[in-house]
Amino acid sequence: SRAQAMEVEESPTVTYDDIGGIDDQVREVREAVEDPLLTPELFEEVGVDPPSGVLLHGPPGTGKTMLAKAVANETDATFIKMAGSELVRKFIGEGSRLVRDLFELAAERQPAVIFIDEIDAVAAKRTDSKTSGDAEVQRTMMQLLSEMDGFDDRGEIRIMAATNRFDMLDEAILRPGRFDRLIEVPKPNAEGRAQILRIHTRDMNVADDVAFAELADDLDGYSGADLASLATEAGMFAIRDDRTEVRMTDFLDAKAKIEENEDSGPVMAF
Ligand code: ATP
């Protein structure tokens, strides 16, 4: 049903302050999504059309969903999330029906930000195989494109999507009037990693000996999500040791544990 496939948040609580290490991307998203919602008259006066759809692409856990939620928060918009994998349904017509529901719901709840995660699930390049499953996915994608194309006067609805397989996407969805603004969201550099660690330890009782910049230097390849786990894990080490203060050694123990568990795993993969 509609309720199961979509995640609706009337007012998400994520703010730009919760997002570290991707300041340029935050600025681009604000320009492409926030400004057209808050000051549409400016675009009209200047005579430019705002981007139709914004596609965020980059590795998992880098803050793509956070960006979409933060922009919805900032514009007091309803956040409506749909996972691309949810759109790939068994029964004929189910996927396109969900796409129609998605845009209908957004129209009812505007201002709204539609966020389609894992868009590659419905918008991958056509393969040679002509199985019925493929045809159904194709139909769902056509429905999505037609909703976007028929959206000249889209009112207060903005469309965002995310993927970590940009290279797999069918170019049809990147044409003007569709996802015509691409924003790459990379893994953070050392400075970004330190910033993200500070964000995720804001509410933690951190000892004076914790040097985030030094720590971050040694965390090459960590995503924002990896850094969030590291902070939690460090806290767990302090608790295990019956301390209420989290020390540098706890962060180093957490790092060792994560890297032991994920030897050749996702943490170090690029
Ligand atoms: P996926 O492609 O797996 O859906 P994503 O890019 O959408 O990933 P998010 O869902 O936004 O990633 O991030 C997951 C969690 O990781 C966040 O809830 C947050 O705790 C942490 N995180 C990720 N990126 C950042 C960041 N740039 N700053 C602070 N925290 C981050």
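A compact table of results
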| quantity | calculated |
| --- | --- |
| Segment 161-258: relative contact order as a whole-number percent, Cα under 8 Å and 6+ apart | 27 |
| Simple Cβ-charge dipole of the chain, Lys/Arg +1 and Asp/Glu -1, about Cα centre, in debye nearest 20 | 1000 |
| Dimensionless Rg/Rh of the chain - Kirkwood Rh, Rg from C-alpha atoms | 1.03 |
| Per residue Cα convex hull volume in Å³ - calculated over segment 1-104 | 129 |
| Val206 long-range amide H proximity, modeled H, under 5 Å | Val246 |
| Over segment 175-228, relative contact order from alpha-carbon pairs under 8 Å, at least 6 apart, % | 52 |
| Packing-based order for 72-82, 166-176, using average beta carbon neighbours within 10 Å, highest first | 72-82, 166-176 |
| With Cα atoms, 0 to 90° folded angle of helix 190-200 axis to the chain main axis | 90 |
| Vicinal HN-Hα couplings computed from phi for segment 216-229 (Karplus, 6.51 cos²θ - 1.76 cosθ + 1.60; Hz; Gly/Pro x) | 4, 4, 9, 10, 3, x, 6, 8, x, 5, 5, 5, 4, 5 |
| Vicinal HN-Hα couplings computed from phi for segment 234-250 (Karplus, 6.51 cos²θ - 1.76 cosθ + 1.60; Hz; Gly/Pro x) | 4, x, 5, 5, 4, 4, 4, 8, 6, 10, 9, 10, 9, 9, 4, 4, 5 |
| Nonlocal amide H pairs with Phe115, under 5 Å, H built at 1.01 Å | Ile80, Lys81, Met82, Met160 |
| Interchain or long-range residues, amide H under 5 Å from Leu182's placed H | Leu55 |
| Residues of segment 9-38 with amide N under 15 Å of a point placed 7 Å along Cα→Cβ from Asp76 | 10-12, 37-38 |
| Amide N proximity, segment 95-116 versus Ala135 label position 7 Å along Cα-to-Cβ, cut-off under 16 Å | 95-96 |
| 3J(HN,Hα) from dihedral phi, segment 254-260, Karplus parametrisation 6.51/-1.76/1.60, rounded to Hz, x for glycine, proline | 4, 4, 4, 5, 4, 6, 5 |
| Virtual spin-label span in nm between Arg27 and Arg198, 7 Å along Cα→Cβ | 1.8 |
| Dipole of segment 171-270 [Lys/Arg +1, Asp/Glu -1 at C-beta], most positive-end residue of Ala254, Gly224, Leu174 | Leu174 |
| Contour minus Cα-Cα distance for Asp17 and Glu184 (0.36 nm per residue) | 58.2 nm |
| Label-to-label distance, nm, for residues given as Val8 and Asp170 (7 Å Cα→Cβ offset) | 2.8 |
| Residue-averaged [θ]222 nm for the chain, counting only DSSP H segments that reach four residues, each worth -39500 (n - 2.57) | -13000 deg cm²/dmol |
| Convex hull per residue volume in Å³, alpha carbons only, for segment 160-204 | 101 |
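Coordinate-derived values only; no laboratory data. On a predicted model such as this, the values are computed, not experimentally measured, just so you know. Virtual Cβ from ideal backbone geometry, glycine too; neighbours counted across all protein chains shown.
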